[in-house]
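Here's the structure, in structure tokens; my notes come after.
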Amino acid sequence: MRSGAFARAGAPLLAAAMLAFAPPAGATGLTGPEVRRVLQHGPWPQPVLRDPSNRASGQPDAIALGRRLFFDRRLALDGALSCAACHVPGRAFTDGRARARGRALLDRNTPSVLNVGLARWFGWDGAADSLWLQSVKPIVHPLELAADAAHVARLIRADPALACRYERAFGAARLAGADAEALLVDAGKALAAFLETLVTGRTPFDEFRDALARGDAAAAAAYPAAARRGLALFVGRGNCSFCHFGPAFTNGEFADVGVPYFVAPGRVDPGRHGGIRQLLADPRNLLGPYSDDASGAAASRTRHVALEHRNFGEFKVPGLREVARTAPYMHDGRLATLRDVVRHYSELDEDRLHADGERILRPLRLTPQESEDLVAFLESLSARAPARVIPPAGAPDECTTAEAAR
Amino acid sequence: MSGARALARRLAVPPLLALPLAAAAAEPCGARLGAGVERAESARYVVAFRPAPAPIAVGRAFALDAEVCPKRAAPRPTGLRVDAHMPEHRHGMNYRATVASAGGARYRAEGLLFHMPGRWQIVFDVEAGAEVERAVRDVPLE
Ligand SMILES: [Cu+2]
């Protein structure tokens, strides 16, 4: 699967760096094992592999259709909201709010959709096993776009630009004759194809990491000392990279890091526990008829995912690229700044963790200097200039102009 | 993993080759699984296994092709269960492997995924009628 790319990518570079940095290079202040951990957080960017469950994945016309749909308010039943209203491109595809506001206040924080093509599960609770299912959900969610299949099918068929792209991506016969549910799922697949193209840029951390891999001490020295000390904490005593693992700084799984999960007095967010239950009951999951993966291999994770009591209060490990641009933090946005997040890990309330909880989490009791270092490191995970995505809404579509010229 | 491979080599020495029930008694347990076979051992069984894809990597789903070989006069295996956990972190996988018989004493376990670097243990429960015997094998992951 996609994660395979993570594993393969690290190996040859690892060997090279071990040669270059054994014994531990005093210049970087990192020990041999720490250097190996650092190298595993790259290289960047990672290739986003085609999603076998989505025949539109990687297809230019589907990507163009998905891009239009993402910014199109008409996708909402009342025309009031688009995907981009919450996943705002200028805010690293988040909304800056603690909890998302749709037609009412939602329970959770809007995550960025950058690098989402590398993920295995979607949503804070992983209630979606494919990016296209995750893209269908907000369309029909009553507190988000609140549309239904008939509304989406009508919209695509009535709008020349959408219809033109749809026809090219999915075929004229489907555009003319498929049932509305099929068009809704196709819309999700087109949105997913677009989202897969949203990949973050190179960061100061990546320059440092690649300099380490090359054994280029002069280039490595350009990385600020505070960020380097923070990185040493991240891969060392902080144990952060056990969960925030690999090039995207997430292992793609779920954990309870002691963030309270009360939504309102007497009401809790069950996190991963609820997510697995929702997923298995969802007719659009990868075990259902809408997956395009005839081999069934893509559905393996869905077939094998285990529902355990400990999943209660677990949330998805967020990737940390561009994290300085995605405040506020955690599944309910309760922490306003990266300093607050670092304080959370520093003062971790062990009573709040499950009794059988993961021992890699302990209060770190960081000094003020160490806290600042960790923040400096997290800030070095952002590209100097954020990715720019220009909404196509209103602009003429190349597809329709080409058709007209025929 | 080099320590692990050394262990596998050590387990493959002649005494374990005397497998009265195996037709191809001249071969070490799991020889037919191909290159890169590793082994776990209990008092009365050897479980040879090979990950696919190999090697096991953090965050990459994998399957295990396995062969169970009784030592000396141990009863014939009738089933196999496969699970894994991280002893230091005191947690298991987020997935439950399914095991299908692949004929004879061979099995295929699917749906495993190790989601963290560190020391994992693969746990094989060999079933022989009502009896269950456990063979465990360490898998250190970078
Ligand atoms: Cu662990």
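The values are calculated or read from the model by the stated rules, or taken from the named source; none is laboratory data. Model, not experiment: these values are computed from the prediction. So basically every Cβ, Gly included, is an ideal-geometry build from the backbone, and we count neighbours across all protein chains shown. To get the accessible areas, we keep the full protein, side chains included, count just its heavy atoms, and leave off ligands, DNA and RNA. Shrake-Rupley method; radii C 1.70, N 1.55, O 1.52, S 1.80 Å.
Within the stretch B:112-138, which residues are within 16 Å of the ligand (Cβ to nearest atom) and away from chain A (no Cβ under 14 Å)?
Answer for the stretch B:112-138, where residues must be within 16 Å of the ligand (Cβ to nearest atom) and away from chain A (no Cβ under 14 Å): B:121, B:122, B:123, B:138.
Go through (1) modelled with pLDDT of 95 or more; (2) within 14 Å of chain B (Cβ to nearest Cβ) one by one and return the number of the condition residue A:12 breaks.
In the conditions (1) modelled with pLDDT of 95 or more; (2) within 14 Å of chain B (Cβ to nearest Cβ), residue A:12 misses (1) alone.
List, please: which pairs have Cβ atoms under 7 Å, are six or more places apart or on different chains, and start with a residue in the stretch A:135-146 that is in a helix (DSSP H, G or I) and end with one that is among the β-branched types (Val, Ile, Thr) and at pLDDT 95 or above?
Sorted first by the residue in the stretch A:135-146, then by its partner, the pairs are A:136/A:185; A:139/A:152.
From the set of residues in the stretch B:51-94 that are in contact (Cβ under 8 Å) with a residue 24 or more places away in the chain, within 7 Å of chain A (Cβ to nearest Cβ) and open to solvent by less than 70 Å² (accessible area, probe 1.4 Å), which is nearest to the ligand (Cβ to nearest atom)?
B:89
In the stretch A:120-134, what residues are closer than 16 Å to residue A:281 by Cα, open to solvent by less than 10 Å² (accessible area, probe 1.4 Å) and assigned to a helix (DSSP H, G or I)?
Correct list: A:133 only.
So if I check each of A:370, A:322, which one is farther than 21 Å from residue A:110 by Cα and modelled with pLDDT of 95 or more?
Working: A:322 fails: farther than 21 Å from residue A:110 by Cα.
That would be A:370, the only listed residue that is farther than 21 Å from residue A:110 by Cα and modelled with pLDDT of 95 or more.
Please indicate, with yes or no, whether at least one residue in the stretch B:51-64 is touching a Lys or Arg at 6+ places or on another chain (Cβ under 8 Å), assigned to a strand (DSSP E or B) and farther than 27 Å from residue A:37 by Cβ.
The answer is yes, given that some residue of the stretch B:51-64 is touching a Lys or Arg at 6+ places or on another chain (Cβ under 8 Å), assigned to a strand (DSSP E or B) and farther than 27 Å from residue A:37 by Cβ.
Pick from B:48, B:100, B:109: which is over 30 Å from residue A:33 (Cβ atoms), in a strand (DSSP E or B) and within 12 Å of chain A (Cβ to nearest Cβ)? Steps first, please.
On the way: B:48 fails: within 12 Å of chain A (Cβ to nearest Cβ); B:100 fails: within 12 Å of chain A (Cβ to nearest Cβ).
When all the criteria are applied, what remains is B:109.
Can you confirm whether the stretch A:238-247 contains a residue that is more than 19 Å from residue A:365 (Cβ to Cβ), away from the ligand (no atom under 14 Å from the Cβ) and out of contact with any helix residue (DSSP H, G or I) (no Cβ under 7 Å at 6 or more places or on another chain)?
No, that holds for no residue.
Only one residue in A:267, A:303, A:362 is among the basic types (Lys, Arg) and within 16 Å of the ligand (Cβ to nearest atom). Which one? Give the steps one after another, and end with the answer.
Details: A:267 fails: within 16 Å of the ligand (Cβ to nearest atom); A:303 fails: within 16 Å of the ligand (Cβ to nearest atom).
From the options A:267, A:303, A:362, the qualifying one is A:362.
When you scan the stretch A:320-376, how many residues do you find that are on the phi < 0 side of the Ramachandran plot and in a loop (DSSP other than H, G, I, E, B)?
Selection size over the stretch A:320-376: 26.
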